Amino acid sequence: MSIKSLLSVLAVLMCSVQAHAVDSASANMKLFGKSLPPVGYVKFCAAGEAECQIKGSMHDRLTLTQATWDMIVAVNSSTNTKIKPESDQDLYGVVENWTYPVTAGDCEDYALLKKRLLQDMGVPADDLLITVLLDEKGEGHAVLTAVTDKGDFILDNRHNDVLRWDHTPYTFLKRQSQSDSKLWVSLRQKPTQVMVSSK
């Protein structure tokens, strides 16, 4: 093999390694420091909910086995089927009310319930983070993020498919901290305060 051919092969290999590194880095969301929690979550925590007392580690990520993946997909799909989408205004007569839904709820209620169900199945709470974002229309929306060693995956009440965060059409704004569920971290360099949608 000539030196020119060898250099061409090396260049292709380097590009492949760099592409893999970029893909691995983007598998998990980048954090940009502290952010304000959503107003609805603050009110939810003021009621003394156990969800707001979780302490964890910023460095641990769920080991994503096939069994765990199947569990995550099943909980997302079954909750989306069981709970009817309905706004807080229609249910409670207020704009924002975070709670565990029984038969109906809006996006953050789905996220709360999915988190509780997965915790009951043995998934560590600090790997399940409520996340606020902007949807395709620029409206506020909430989902549950599963933080794993294969990437951050989104459990969304609008879709039964569980997608890696960077394979969704969303703009991610902030989420719970892994170290303390009462604290929130920004997913953007310039934090944005939004009202979570009723859908």
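The figures follow:
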item: Index of the failed condition, THR65 passing every other in (1) exposed (fewer than 15 other Cβ atoms within 10 Å of the Cβ); (2) of a type in the set (Ser, Thr, Tyr); (3) in contact (Cβ under 8 Å) with a residue 12 or more places away in the chain; result: (3)
item: Considering residues of the stretch 165-177 that are touching a Leu at 6+ places or on another chain (Cβ under 7 Å) and part of a loop (DSSP other than H, G, I, E, B) only, the residue modelled with the highest pLDDT; result: TYR170
item: Selected residue [touching a residue at least 60 places away in the same chain (Cβ under 8 Å) and small (Gly, Ala, Ser)] from ALA111, ALA104, ALA142; result: ALA142
item: Qualifying position, being within 21 Å of VAL39 (Cβ to Cβ) and assigned to a strand (DSSP E or B), among VAL95, VAL162, VAL147, VAL185; result: VAL185
item: Top-ranked residue of the stretch 114-137 - restricted to ones that are of a type outside the set (D, E, K, R) and free of Cβ contacts under 8 Å to residues at least 12 places away in the same chain, ranked as surrounded by the fewest Cβ atoms within 10 Å (Cβ to Cβ); result: GLY122
item: Answer from ALA111, ALA142, ALA146, ALA104 - the residue that is at pLDDT 95 or above, more than 25 Å from ALA27 (Cβ to Cβ) and small (Gly, Ala, Ser); result: ALA104
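The values are calculated or read from the model by the stated rules, or taken from the named source; none is laboratory data. None of these values were measured; they are calculated from a predicted model. Note that each Cβ is placed from the backbone with ideal geometry, even for glycine, and that neighbours are counted across all protein chains shown.
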